[in-house]
Amino acid sequence: MKLIDTLQDEHVLIDQMLGSLRTYVGGLVNGTADPDDGGRFAAFFTEFAGHFHHDREEGVFFEALVTEAELPGDRGPLYAVAHEHAEMGGWLREMTPLLEQRPQSEDDRVRLEALAIRYSHALWRHIDAENSVLYPEGAERLYRCGIRELPDRPMNDAEAAAREAGAALLLRYPPVEDVTFTRGDGCFMCRAYGETCDGFEAEWWTELEWEDEGDLSD
């Protein structure tokens, strides 16, 4: 499915930009990064990752899963992922003013670094959950309903500019790898698991699928 492939390709860039953001924040705190670049980072995550990427996930892919595959949108994986989109958007809005100027106090430096860590960890884990569970399982259910392709749209000017600026920022601030953070595939690694979602098997599987699973385990 071309849209899913495109969304996964976008995840690669967003993933790298999170590491670049962490490099930038470290430089901003110690006085070596350009404060003007903070607005460019905020624009990338707001316009490209948010308005372009997340908009198509929710408005096209999720909508098809609800209307065509008849999966619930008010609970389970779709609700959990949309909830995380909104939650991370709030953290980004909180972080943006701090990104756009050199921190003037120790409290500001501590707050900015904490927000950048929380945001990057959450979005990295979110990407892993979508790539390993939501995308393949959702695409499979659409295939069963005869849906082979989904519509897409081009970037608008603001989204394209944010994407282009992001590519330049990656060169200026090489992504850092957070060795303290554990990543992985599957529902158990998703931070929503056990909180707003019980996993795709519990939330999406039909009685027939559970019976088939039982037969295979015999």
Filter result (more than 13 Å from the chain's Cα centre (by Cα), surrounded by fewer than 16 Cβ atoms within 10 Å (Cβ to Cβ) and not acidic (Asp, Glu)) within the range 74-90
75, 90
Pick from the range 180-218, criterion open to solvent by less than 70 Å² (accessible area, probe 1.4 Å) and farther than 27 Å from residue 122 by Cβ, ranking: modelled with the lowest pLDDT
214
Considering only residues of the range 180-201 that are in contact (Cβ under 8 Å) with a residue 24 or more places away in the chain and outside any loop (DSSP other than H, G, I, E, B), which is farthest from residue 32 (Cα to Cα)?
200
Report the residue count in the range 44-72 for those that are out of contact with any Cys (no Cβ under 8 Å at 6 or more places or on another chain) and not in a helix (DSSP H, G or I).
3
Given the condition more than 22 Å from the chain's Cα centre (by Cα) and part of a helix (DSSP H, G or I), answer yes or no: does some residue in the range 92-101 qualify?
no
Among the residues of the range 40-55, is there at least one that is charged (D, E, K, R) and open to solvent by less than 10 Å² (accessible area, probe 1.4 Å)?
no
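The values are calculated or read from the model by the stated rules, or taken from the named source; none is laboratory data. Remember, predicted model here, so these are calculated numbers, not experimental data. No Cβ is skipped: glycine too gets one built from the backbone with ideal geometry, and neighbour counts run over all protein chains shown. These area figures cover heavy atoms from the full protein model, side chains too; ligands, DNA and RNA do not enter into them. Shrake-Rupley method; radii C 1.70, N 1.55, O 1.52, S 1.80 Å.
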